[in-house]
Each structure stands twice: as C-alpha cells, then as structure tokens.
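Data first, discussion second: the structure below is written as structure tokens.
The values are calculated or read from the model by the stated rules, or taken from the named source; none is laboratory data. Note that the coordinates shown come from a computational prediction; the quantities given were computed from them, not determined experimentally. Cβ placement follows ideal geometry from the backbone for every residue including glycine, while neighbour counts extend to all protein chains displayed. SASA here: full protein model, heavy atoms, side chains in, ligands and nucleic acids out. Shrake-Rupley method; radii C 1.70, N 1.55, O 1.52, S 1.80 Å.
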Amino acid sequence: MTMIHGAEYGSENLPVFAEADVVICGGGPGGIGAALMSAASGASTLVLEAYGVPGGMAAVAEVHPFMVSVYKGSEPLDAPVYGQWRQAMCRYLPDKMMDKLANVHDYSLRSINKEAAALAAEDLLLDAGVKILYHHTVAGVRKEGDKITELICHTRGGFGVVRGKCFVDCTGDGNVAAMAGCPFEMGDEKGGCQPMTLCFKLSHVDIPYVTDPQTGARLIDPAWKAKLSGCYAAAQKAGIIHCPRENVLIFPFQLADENVLHFNTTRVIGFDATNGASFSAAEIEGRRQLRELIAWLKQELPEFRHARLMSMAVQIGVRESRRITGHYRLTIDDFIRCARFEDAIARSSYHVDIHSPHGAGTRIQHIAKGGFYEIPYRCIVPLNCSNLTVGGRPVSADVAVHSSLRIMPTAVSIGQAAGLGAALAAQRKVAPIEVPGREIREILIARGAHLED
C-alpha cells in the first residue's frame, strides 16, 4: 500500500521552520543592508532567500555596474553597508585588480563580478551571525489584526511557517506587503512598468578603448559606440533586430579580461513581474532577443567575429513593479527641490531614469548640480501592517522618483534603515512606525551613514 506523506503541508498545522526577532524576506541588496543593520542592533535575524545565493539582482540577474549616487564630487552617498559589501568583494578579485580600478571616473570602479558579489554577501551575513535559509519562497502570510504572525514558505521539503516579531519585505516586488494587504501603486499613468532586461556578457570582443584626457579614465571609444548603435538602428529598420530599445547599451567588464563587454540592451516590454505566467514569458522573450543580438553582432561587425557568450543572467532583471504605499510618498517635486527630511534615512543624487514601458526611448532628468534628495523613514513603513517595513526599491514614491532610487546602492541604504527600524521595534515591542525616524537617522549616522551636511 502506498503511503502519501506531507498531508500536513496542506493543513493549518504547518511545521515551524524557524523563528527570529526580525525576519528579512529576500537576500538581495536591500536584504543585505537590512540583515546586517538588524544584527548589529542585537536582534536575532533571519534571511529567507528564494535562490541558493544572496546578492539579488547583482548575482542572479547579472546587473552591472553599480550606478553612481555621490556627493562632494565622488564620495558615495551610500554607507556603511554598501561600502562593506564592495570591500568584501575585493578578496575574490585577482591580485592588483584594485589598482586597475582606481579611477573614480571609470565604470570599472563599480564593476560587479556576480560570483564575488554572492560570496561577499554571504561572508558578511554569516560573520554578523545572521541565519540564512536558502530556497525558501514566501507563499503567503498569516495575520492577527494588523500584524503578521507567520510567513508561509514553500521549500524543497514542502510548506512550513516562519515566525517573527517584525518582518522586512526585501523581495524587490513588495510581495510580502501585497500578501499582507498593504496598498500599493504599480506602473505609470497607462499602467506600464519599466521594461525588464536580460543582461549578458560576451568575451573575445575587439574593444577599442580610449583614455579621457580630462579624467584619465579608460573608456570604450565613444565614436565606436555611436557606430555600433547606428548599425543596430539600421538592423532594426531592416527587420533583422526586433528589440525595441533605441540603442545598444554596453559597459566594459574588466574584472575578467580586456575583451569582455556587458550588455544591458535587451528590452522586454508589456510583461508583469508579479504574475508567474507573464514573468515566465518575459524570460523567454529576453533570451529570444539575446540570441538575435548575438547572431547579428557576430555576422555583421568585425569586432564581434570571434565573440563568445561568456555568461547570462539566471533571472531577467526587473526595474519596476509594485510601489508600496507608506506614511509618506516621495514625488518628483521632492526630487526637483532636493528635499530634506528630519527622518531621512537615505540620500540619492541619481537621475530620473525611465526606460520606456511602451517601446523605444529613455527619459533622463538630472538633479541640480551637486544636489541630492533625501528619503524619509515614513516611506519605508507601509500602511495596513503594523510590524512590517520595506527595504530596497519598492518603497512609497511616484514613478519618476522610483526610477532614481531603484538603483542597488540606494537599495542597500534603504534596506539598512528598514532592518534597523524592525530591530528596534521588535526589541521595544512597538510598531516600526512608533520608532522615531529622527532616532533611526541618528543611529545610522553613528554607524557611518552619510546623512549629515
């Protein structure tokens, strides 16, 4: 007689997998910041990660490089966890590599080796005493009143629950907040979210480099890049290329060798990252565009005649999905006026960067020269759930400001504040919104955050 085991996984009596003061959902940039700051505050901290490595978009989506958000000319606005993560990656780079990456004007300084990013993140988390559960996907939540009591997780061994005092949603898509009934916005005025991109790298490319006479940075020859995009546009017109992006977006990748190019060129529009079937179709379309681009490059351009596919993302990169409504909503007016807040927990100088959800075109709007805006604590505390904070990109903001704060360095900084707020709330047995935002800011400053003028 065949016995069917695991019936308990479909009942109300699910096994308890783990418990912690603070449970971080997602081990990407936001989750790394949240977990390290929570652990530093003395809270028992657990990270649930759907993949087998931490690092999020930097690891599984092969996003490269870290975008620029600076002040005083070249100093990163994001600290301390972002800097710790970058420094931890260096131990996995070849000897003397950092000498090669010393110029602050060179994209290579912000290069991301996805394996180094994952290993470094795991080093930091384990060294901080954070417990990690890989291959744990949050499939549902249980609430009592306005509080989450348990997360229902799906694992290779079936379903179970994870309990915590406070929770931090670092899923990137606001999955936990949505399951918990928090209100959110999604898309622009037409309902469209920014396109997804499947990133990949080609090796054995004959890349023409030039040295910038003003900065000394080693850059890809801009004339060659313009020629490449011109050929691409002609191929689009001829019906050879069917990617809707308006140009070829490439970055040097000198963490491998001199002849590797990183492509951020595929543009996958009209799909929903929060819908399983739609997200699956987006992956297929991204790889269709990848195949088409590589075949065209190898056939038509001599610099790519010997090119080889070195790596591609495990998961398509997502720029935008849900934006969870909080106790304050950042708007483009805050960006324009370089807004300051008493409860600021992060700063950004990155420009508005909206890749068209509907086809070609990218909207760029720069902040005032030398300026930055601040992100208040109230943006990361959602409505309708009293023991949840949100870390990473899906915080309370309009479409335009979201396109600025979505970059990975800022996601780390938002995450570290979300983790700190959750840890203090758990220890004090209060809701995160009851922890004064000004206190959060002061503690972050004491720990090295750049939140002082």
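Filtering the range 261-295 to residues that are open to solvent by 20 Å² or more (accessible area, probe 1.4 Å) and over 27 Å from Gly172 (Cα atoms) leaves Arg291, Glu292, Ile294, Ala295. Return yes when Ile414 is within 21 Å of the chain's Cα centre (by Cα), β-branched (Val, Ile, Thr) and closer than 18 Å to Asp169 by Cα and no when it is not. So Ile414 passes the test. Restricting attention to the range 361-399, the residues that are of a type outside the set (Phe, Trp, Tyr) and open to solvent by 10 Å² or more (accessible area, probe 1.4 Å) total 18. Residue check: Leu301 meets all listed conditions (1) over 23 Å from the mean Cα position of the chain (by Cα); (2) without any contact (Cβ under 8 Å) to a residue 12 or more places away in the chain but one, namely (2). Checked against (1) in contact with a Phe, Trp or Tyr (Cβ under 9 Å, 6 or more places away or on another chain); (2) in a strand (DSSP E or B); (3) among the small types (Gly, Ala, Ser), Gly164 passes all but condition (1).
Total residues in the range 304-316 satisfying the condition of being over 24 Å from the mean Cα position of the chain (by Cα) and surrounded by 18 or more Cβ atoms within 10 Å (Cβ to Cβ): the figure is 2.
Could you list, in sequence order, all residues of the range 176-201 that are farther than 17 Å from Ser321 by Cβ and either free of Cβ contacts under 8 Å to residues at least 40 places away in the same chain or buried (at least 24 other Cβ atoms within 10 Å of the Cβ) (or both)? Cys199, the sole residue that qualifies. Among the candidates Arg322, Arg347, Arg340, the residue that is more than 17 Å from the chain's Cα centre (by Cα) and of a type in the set (D, E, K, R) is uniquely Arg340. Annotation: of all residues in the range 244-260 being aliphatic (A, V, I, L, M) and open to solvent by less than 10 Å² (accessible area, probe 1.4 Å), the one that is farthest from Leu290 (Cα to Cα) is Val260. Annotation: Pro76 fulfils all but one of (1) modelled with pLDDT under 95; (2) open to solvent by 30 Å² or more (accessible area, probe 1.4 Å); (3) under 30 Å from Leu383 (Cβ atoms); the unmet one is (3).
Within the range 134-151, restricting attention to residues that are among the hydrophobic types (A, V, I, L, M, F, W, C) and crowded, with 17+ Cβ neighbours inside 10 Å, the residue that is nearest to Val318 (Cα to Cα) is Val138. For residues in the range 202-243 being touching a residue at least 60 places away in the same chain (Cβ under 8 Å) and among the small types (Gly, Ala, Ser), which is surrounded by the fewest Cβ atoms within 10 Å (Cβ to Cβ)? Within the range 202-243, the match that is surrounded by the fewest Cβ atoms within 10 Å (Cβ to Cβ) is Gly216.
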